[in-house]
Amino acid sequence: MSGTSSCSSATTPTVEGDELRDGEFDHDETPESLAATREKKGSNLKLPKEIGATAGTKSARVTANMGLTLMQKGADDAVVEEIKRSEDKSKPLKKLKLEDLPFVDKKDNEIWARLICALIDWAGTTTDPFGTNEHPEVSSRLQELWDLLFGHNKVDITKCPAIKKVATDQLNEWRSMLGKNAMKILERELKKAEYRVDTNARIKYVQDRLPQKIEGQKCVPFIYADHQSLKGSWLAPMLLELLATHARHCGTSFQAFGKPAGALGVCAAAVHRTLFLYKDGDSAKEAAKEVKRAGLPSQPTRKVSFDSAWGSVAMQYSLQTAQLPDKKWDQIVDGMWKLVGEDSLAHRVHVASDDDSMDVRDAIPLSDDNEENS
């Protein structure tokens, strides 16, 4: 067959019927031999075992990854693909939320809130309150509280990461809440007539209370009821009001795990940080936001956020408060309730700092035995 005729039949086929079915190369064999060959081959073409095994293995692997199961049904062994829900319901840890907790009853949300109140109370008794998320006892405490409160729903929390994740998120919010409330308390104070329009008066108010050296001795005036005479340690109204917000978050679980030494330490760190931000008379945090909004070059905002940078400071205060005698704790708790009202209870890794102003070790007396009525 010439090249011309070959191209013509390829581009414009004109054959029909049996001629098309036989095909161009069928003419090399007789009709009888072709019929015999086709009858021998039949219509059920089989793959070599090696290919069949490979294809089957690959198919099974692909459908398994898709959460699908292949099933044979019917007399003709037809393959039917049945969709199944994947058993893997896991979510990235950071995306786990309240809705992922293994609740079985409508009241479980209320019970969970009580569990968090108790967990916050426990966190407030530790001397490393910023490290409670990875505290060696946090998992066992959670398990104890779950077993106690969720008697109708037994769960091994090690097999349900959502429980610890959501609970420690609540601890993060607890610390953040204390930091925000400290800002609100100071801002409310600085809005008083004698400070509102007088920047120098605001600066003096703050500087008088920040940690400082007096007669060569380091002290922390803001923890005292009287910051000038340094009388009434740990009875400063701002501290007591902030501690009361912690007590409200604990609800009726307040002091169930012991003295809130860590909570008072976080409160002290929160006040310290707030005073630090206002040392120039206005909020350094708000000033940084204004600079950012204006698109101007900004200075590093180290120590602005109430995060792990203040964790070491909170621990320093907590180690001090943990050593306070029972008499002093009675004064602190009584003073707190007198300030805010006891009925309000019904409502319900560290970064080291090279800034000496953040080091409060050995700056606070452990006892007020030499103070009159304090």
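General remarks:
- Identity of the residue in the stretch 260-291, of a type in the set (D, E, K, R) and under 26 Å from the mean Cα position of the chain (by Cα), that ends up modelled with the lowest pLDDT: Lys289
- Scanning the stretch 234-250 for residues that are over 15 Å from Leu171 (Cα atoms) and not hydrophobic (A, V, I, L, M, F, W, C) returns Pro237, Glu241.
- Hits in the stretch 212-250 (condition: surrounded by fewer than 21 Cβ atoms within 10 Å (Cβ to Cβ), farther than 24 Å from Asp121 by Cα and touching a Phe, Trp or Tyr at 6+ places or on another chain (Cβ under 9 Å)): Ala225, Leu230, Lys231, Gly232
Conditions (1) in contact with a Gly (Cβ under 7 Å, 6 or more places away or on another chain); (2) closer than 24 Å to Ser283 by Cβ, marked per residue:
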residue: Glu187; (1), (2): no, yes
residue: Tyr195; (1), (2): no, yes
residue: Ala201; (1), (2): no, yes
residue: Asp208; (1), (2): no, yes
residue: Ile214; (1), (2): no, no
residue: Cys219; (1), (2): no, no
residue: Ala225; (1), (2): yes, no
residue: Ser229; (1), (2): no, no
residue: Gly251; (1), (2): no, no
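- Total residues in the stretch 193-207 satisfying the condition of being surrounded by 10 or more Cβ atoms within 10 Å (Cβ to Cβ) and more than 19 Å from Pro221 (Cβ to Cβ): the figure is 3.
- Qualifying positions in the stretch 188-238 - assigned to a loop (DSSP other than H, G, I, E, B) and on the phi < 0 side of the Ramachandran plot: Lys191, Lys192, Val197, Asp198, Leu210, Pro211, Val220, His227, Gln228, Ser229, Leu235, Ala236
- Residue list for the stretch 94-120, filter: exposed (fewer than 15 other Cβ atoms within 10 Å of the Cβ) and in a helix (DSSP H, G or I): Lys94, Lys95, Leu98, Glu99, Asn109, Glu110, Ala113
- Qualifying residue in the stretch 298-317 (condition: part of a loop (DSSP other than H, G, I, E, B), at pLDDT 75 or above and within 24 Å of Lys231 (Cα to Cα)): no
The values are calculated or read from the model by the stated rules, or taken from the named source; none is laboratory data. Keep in mind it's a predicted model, so treat the numbers as computed, not measured. Cβ: placed from backbone, ideal geometry, glycine included. Neighbour counts: every protein chain shown.
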